[in-house]
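Where a number appears in this text, it was derived from the coordinates with a stated rule and is not lab data. Every value quoted in this text rests on a predicted model; they were computed, and no experiment measured them. Ideal geometry is used to build each Cβ from the backbone, glycine not excepted, and the neighbour counts take in all protein chains shown.
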């Protein structure tokens with residue numbers, strides 16, 4: 001037995017209190033950010049250690065215990081989500097120290113108040129993410145969702161300018177609609193089952209009109225917040241027009257938070273209520289997302305818009321887990337596949353948006369047609385972009401490859417070969433729109449456009465995240481031990497193949 | 001039909017009415033008001049169903065949920081209104097552009 | 001406005017949705033389980049006697065902490081959008097309004113204080129008191145030029161963050177004393193709740209005032225009244 005320390009509290013409150021302090025001492029924002037980022041590493045390691053030693057962790061806040069009080073809960077899925085948040089979060093913190101440095105030139109010349117407000121907003125967003133991943137109470141999740149939404153909108157609006165403000169307004173309205181649907185679902189659940197705790201709800205869940213209405217509402221609301229086709233319209237403008245570190249956080253982390261909730265609700269709470277037909281519907285919408293997002297990415301004129309549409313497409317892959325897990329014995333394969341996908345996509349998309357942001361920062365624009373030969377000016381950044389693209393396309397050796405391999409395996413083993421075709425075609429389309437940018441960026445030209453000097457932190461974080469995405473492919477099945485702790489589905493990871 | 005069930009049905013109608021206004025009207029202020037009405041609908045459901053047993057005092061947990069929800073709604077509305085003002089200033093129109101990557 | 005067929009489809013869908021809700025609500029068990037019994041069983045240990053306050057500040061205090069953080073975030077969000085010169089908001093205050101305010105403002109402060117105190121045994125508490133305080137502050141902002149120009153940096157920031165800091169402090173402090181997060185020692189629960197609520201009241205009142213202003217307070221030339229390095233321009 002590993003000694004139990006209250007790591008969940010540390011993980012939530014470190015960014016929370018740092019955020020408030022960053023507001024009070026606005027000139028120390030960057031330092032507070034770095035302290036938080038580094039301070040979360042031992043906390044997360046401690047929690048993982050405890051998890052491996054003792055199994056899923058419960059923490060009763062206030063000493064009352066569910067259902068009267070609120071519980072914090074950590075199992076394999078939560079810890080992976082927290083680790084993903086920490087990885088991208090540390091990268092974002094260091095990237096932002098370069099992006100928002102007071103001595104920036106060119107596009108980096110920021111108003112002091114941007115600096116002053118970015119750090120509290122970012123740290124509080126981080127706290128919201130951590131709070132969401134550790135919460136085991138549906139109403140607490142609602143408050144964390146709102147915390148996440150408000151901070152994300154504020155960060156998008158921080159870019160200033162008409163397009164960013166429009167995008168932020170749209171994002172806020174859609175986010176509020178999603179949250180209110182979710183809240184109505186929570187209300188129905190409480191009045192039907194008399195508890196707000198995820199665990200107790202799972203135990204007492206029966207197939208009743210109230211639970212059916214609740215899952216419809218919650219799924220619709222959360223799908224809206226995850227930008228599932230056709231409710232994705234708010235995502236491309238928001239992610240493309242936000243400041244560079246913010247785009248990363250939005251694409252890599254925030255959309256995954258609502259998807260994580262969908263996973264929890266579908267696989268752990270509403271197991272008796274979900275129907276295979278709705279699962280297939282979600283899968284079909286996912287397929288539509290993959291194709292629509294890829295086509296729009298092919299047509300996009302701006303680099304950040306291309307990457308944002310790529311997020312729409314990749315979110316489509318995530319929703320394939322619902323039909324894939326319905327197959328015989330393929331549950332755990334699909335489950336680990338989608339978790340791996342979330343993890344590698346977060347790192348790869350993070351690296352991509354960092355690289356795209358650096359391009360925008362250095363050249364002042366991101367029109368793909370005019371970005372010819374940029375690799376000569378920023379080789380490190382373009383290399384990071386390239387290795388991140390390898391993961392997103394799904395080529396070996398990368399985390400994306402392993403994720404797609406697991407999903408393909410569960411599709412074929414479960415007899416649902418049509419999803420496999422979609423996954424493969426999606427990979428081809430992804431390659432197409434990535435190469436659209438590469439062909440211009442890596443072309444050799446005599447006259448290279450001028451570029452502002454780039455802080456090394458920005459280049460380094462992009463490269464590091466890209467390498468992490470590759471590294472996920474190399475470490476392969478090591479994290480599966482963590483996935484299995486508290487996983488709601490059982491079964492072999494790979495069927496008919498090596499684990 | 002008891003009074004609390006009636007109020008909760010009214011709450012669900014409010015939710016749908018607000019939803020309709022949100023997607024049907026283009027003016028930002030109407031959209032923000034529509035969200036508020038949807039929120040009020042949800043809160044009405046919470047408060048009215050908390051009193052399903054008229055002999056005893058109402059259930060305090062939904063009341064606490066509504067208080068929390070109200071504060072969250074106020075914060076979100078404040079941000080939405082400030083954003084709407086900003087949209088008005090920067091684009092001189094109180095509506096979001098329709099063709100935005102739709 | 002959308003074309004008619006699209007509106008018709010939306011209306012039909014929404015009617016179906018409302019029907020779904022109605023079906024769900026009507027099917028709810030009449031005497032289903034709820035947390036009422038648990039709340040009333042434990043209320044003696046919570047330090048207050050009003051059940052709603054007990055749930056808000058003790059049993060589910062963590063939710064309340066996150067919720068006042070959302071309120072705080074709204075301020076950050078509004079401030080990230082631009083600056084406002086507060087005296088520009090003011091209109092010349094009529095005689096009647098000034099006379100009314102001289103009576104109204106002290107009464108509102110007193111009401112806020114009473115609501116805060118009464119929260120322990122009757123409906124009331126931090127949010128209600130904070131709302132009244134916010135209203136008083138807004139009235140003051142609209143009429144008193146001198147008050148508006150003296151909004152200064154550090155006191156404002158401290159008041160805005162006081163609620164969250166005190167709440168987190170108490171919560172983490174109780175861990176230092178060997179308990180869980182936000183596990184108030186039983187004898188001190190009432191006092192601690194009052195302290196938390198007082199700080200929260202001040203924060204909420206100031207937050208509502210600041211949200212009403214709608215932007216970061218700035219001086220007439222557009223610079224924000226804070227000690228800053230270098231030049232600052234208004235956000236365009």
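General observations
- Principal-axis analysis of the Cα atoms of chain A puts helix A:276-299 at an angle of about 0° to the longest axis.
- Cα gyration tensor, chain C - rounded (a/c under 1.5), prolate or oblate: oblate
- Cubic angstrom per residue, convex hull over Cα atoms of region B:3-91: 64 Å³
- Summed over qualifying helices (DSSP H, 4 residues or more, each -39500 (n - 2.57)) and divided by its residue number, the protein assembly as shown shows a 222 nm mean residue ellipticity of -23000 deg cm²/dmol.
- Amide N proximity, region A:376-420 versus residue A:443 label position 7 Å along Cα-to-Cβ, cut-off under 19 Å: A:376-379, A:382-383, A:386
- Pairwise FRET efficiency - residue C:13 versus residue B:91, Cβ, R0 = 45 Å, nearest 0.05: 0.90
- Its alpha carbons give region A:107-224 an Rg and a Dmax of 17.4, 57 Å.
- Region A:179-204 versus region A:286-328: alpha-carbon centroid distance in Å: 30 Å
- Per residue, the convex hull volume that the Cα atoms of region A:275-499 enclose (Å³): 108 Å³
- Region C:1-139 shape via C-alpha gyration tensor axes, a/c threshold 1.5: oblate
- Region B:60-96 and region A:431-464: distance between their alpha carbon centers, rounded to Å: 40 Å
- For the options C:92, C:123, C:106, a Gaussian network treatment of chain C with springs between C-alpha atoms closer than 10 Å singles out C:92 as fluctuating the most.
- Translational diffusion of chain A was estimated from the Stokes-Einstein equation, with Rh taken as the Kirkwood radius over Cα pairs; at 20 °C and 1.002 mPa s the coefficient is 95 µm²/s.
- Relative to its residue count, the protein assembly as shown spans a Cα convex hull of 157 Å³ per residue.
- Spacing of the two label points (7 Å from each Cα toward its C-beta) at residue A:467 and residue A:298, in nm: 3.5 nm
- Residue C:96/residue B:27 FRET efficiency (R0 25 Å; Cβ-Cβ; nearest 0.05): 0.15
- At R0 = 30 Å, FRET efficiency that the Cβ-Cβ distance of residue C:23 and residue B:57 yields, to 0.05: 0.60
- Label-to-label distance, residue B:70 versus residue C:172, with points set 7 angstrom from Cα along the beta-carbon direction: 3.1 nm.
- For region C:157-200, the spherically averaged projection of the C-alpha convex hull amounts to 2.8 nm².
- Percent of C-alpha pairs per 5 Å bin, region A:125-192, short to long: 4, 18, 22, 21, 17, 10, 6, 2, 1, 0
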